[in-house]
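Working notes for the structure below.
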Amino acid sequence: MLTLEYMDKTGHLTEERIASAIKEYAPVLERVKAGEGLDPDATGWLDIDKWAGEETLARLEEIAADVRRKSDAFVVIGVGGSNNAARSVVEALKTKDGTEIIWAGNTLSPAAMNRMLAQLDGKDFCIDCIAKNFETLEPGASFRVLRQLLVSQYGKEEARKRIIATGTIGSSLEKLCHDHGFTFIPFPTDIGGRYTAMSNVGLLPMAVAGLDIRALVKGAKEMRKELYETSAEENTALRYAAIRNLLYGDGYALEMLSSFEPQLKWFYKWWIQLFAESEGKDGKGLFPVASEYSEELHSVGQFVQDGRPLMFETFLDVTEQQESLILRPDDVTDYFDYLNGKDFHEVNKAAFLATRTAHADKLPCLTLSVPRIDMETFGELFYFYQFMCVISGCILGINPFNQPGVEAYKGWMFRALGKE
Ligand code: PA5
């Protein structure tokens, strides 16, 4: 269950303005729920069962069990929407018992490639190349390198059994899999990369890491139910979208997502991609940035509090205490005795509340609260933010599903490298 709170000691947005915007945008909520006026080739995720139903989950669990049986490590080859969701969950929740996940296909740097390969030294491993159209350079080039490594380590026949690809049906990646006997699983035809958390794309790496993908899907379904069944006035996604568009209209240029849980570091990347690629077009959009507190209170915190007023801030707060570490008294006088007996949880909470109080003096602050960091919450967050992003994009008057800017740079890169 997510809750949203708006705090604005500057008096910038009144509750009346927010209520009137919610009323104005209520029809957008209904259109998004029905997928009306949205690209049908991009909204497959609205219905979670379509790409994360029982059959899919059972198949993924079977593949994951096989990979886990024969591997110490699993290399996920993918970039942007093809790895960010899985990475945010795996990096936040992985345990020592899970198969190690190694991320590849997201760089062209030989130094980074060599470091990734060095992580595989002496390990048994399988790979999954995730690519919607299999033209993207980073995953394509890494896939080749890793296939070659598998063949040199195991020989052709065993290597074949260790290669999985997640690609669009009818794509060159599917053909390659059929020609060479690799396991092929479908990339949803009607979902773009950054909206694929609840599909084969996001779920297989999580399952291999030993995480409960059913709990993630359950969280997403609960969130869907809530967003579909609550009225416009009570709808958290519509309220959030309305507030961010009002602030955008008033000249704010950035939304900064901040949290005091460094475990969410990779979730930030997912969130930044979702909003940057979905809204940043036609000369419009809020620039999404993120801040990892409390560390960055000692760097960007200065700008947030006192610099050019470009941004509003959204705190992602985790309300329940999941872990504990008590500061015990010490016989060395270190001048921190006021912390004696306190739990880091309490200290971290105090830092959050103090920061929000200070920041809200200068800029509009939202707080999105989640009960804990677990699979269900990630499911809720993915569905919530995807849904909210589409509402927000529609209010902004852009297509939240394409990425013409990305396509433009790719064209120049392919020309430079002599691709026909
Ligand atoms: O959201 C998107 O569509 C993009 O970020 C893609 O996921 C990213 O560019 C990778 O594309 P592909 O899976 O085709 O390699």
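Think of a 1.4 Å ball rolled over the protein heavy atoms: the range 20-95 then has 44 Å² of accessible area per residue. Backbone phi angles across the range 397-408, fed through the Karplus curve with coefficients 6.51, -1.76 and 1.60 (θ = phi - 60°), yield HN-Hα couplings of x, 10, 8, x, 10, 9, 8, x, x, 5, 4, 4 Hz in residue order; Gly and Pro are listed as x. Label point of Glu346 set 7 angstrom out along Cα-Cβ; within the range 299-329, amide nitrogens under 20 Å from it belong to 318-329. For Asp124, the residues 5 or more places off, or on other chains, whose built amide H falls under 5 Å of its own are Asp72, Ala73. Pairs with C-alpha atoms separated by more than 31 Å, drawn from the list Lys218/Lys284; Lys175/Lys410; Lys132/Lys161; Lys218/Lys269, are Lys218/Lys284. Here's the picture: charge each Lys and Arg Cβ at +1 and each Asp and Glu Cβ at -1 in the chain, and of Trp51, Thr14, Leu325 the one pushed furthest to the positive end of that dipole is Trp51.
Note on the range 51-180: with neighbouring protein chains present and a 1.4 Å probe, carbon and sulfur make up 49 percent of its accessible heavy-atom surface. Put the Cα centre of the range 354-420 next to the Cα centre of the range 109-132 and the gap is 27 Å. What you get for the range 44-211, charging only the Cβ of Lys and Arg (+1) and of Asp and Glu (-1), is a dipole of about 440 debye around the Cα centre.
Placing +1 on each Lys and Arg Cβ and -1 on each Asp and Glu Cβ, with no other charges, gives the chain a dipole about its Cα centre of roughly 1360 debye.
Taking the Cα of Thr3, stepping 7 Å toward and past its beta carbon, and measuring to each backbone N in the range 368-390: which are under 12 Å? It comes to 368-371, nothing else.
By the gyration tensor of its Cα atoms, with a ≥ b ≥ c the square roots of the eigenvalues, what is the shape of the range 66-108: rounded for a/c under 1.5, prolate for a/b over b/c, or oblate? The shape class here is oblate. Spread over its residues, the convex hull of the C-alpha atoms of the chain is 168 Å³ per residue. For the chain, modelled as a GNM with alpha-carbon contacts under 10 angstrom, which of Lys218, Lys175, Lys342 fluctuates the most? Greatest mean-square fluctuation among the candidates belongs to Lys342. Determine, from the Cβ-Cβ distance of Lys23 and Lys284 and an R0 of 30 Å, the FRET efficiency 1/(1 + (r/R0)^6), rounded to the nearest 0.05. Efficiency at R0 = 30 Å is approximately 0.85. Ordered from largest to smallest accessible area (heavy atoms of protein chains, 1.4 Å probe), the residues Met7, Met198 come out as Met7, Met198.
Comparing Asn200, Ser88, Gly78 along the charge dipole axis of the range 44-211, the residue lying farthest to the positive side is Gly78, per the Cβ-charge model. Residue ranking by accessible heavy-atom surface, 1.4 Å probe, largest first, among Ser152, Ser172 comes out as Ser152, Ser172. Our estimate of slack between Lys218 and Arg372, defined as 0.36 nm per intervening residue step minus the Cα-Cα distance, is 53.9 nm. With the highest mean first, a sort of the peptides 102-110, 248-256 on other beta-carbon atoms found within 10 angstrom per residue produces 102-110, 248-256.
With a 1.4 Å probe rolled over the protein heavy atoms of all chains, the accessible area of Cys365, Cys394 falls in the order Cys394, Cys365, largest first.
About its Cα centre, the dipole of the range 85-169 is roughly 100 debye, where the only charges are +1 on Lys and Arg Cβ and -1 on Asp and Glu Cβ.
The values are calculated or read from the model by the stated rules, or taken from the named source; none is laboratory data. These figures come from a predicted structure and were not determined experimentally. Cβ: placed from backbone, ideal geometry, glycine included. Neighbour counts: every protein chain shown. Just so you know, the surface numbers come from the protein's heavy atoms only, side chains and all, with ligands and any DNA or RNA stripped out. Shrake-Rupley method; radii C 1.70, N 1.55, O 1.52, S 1.80 Å.
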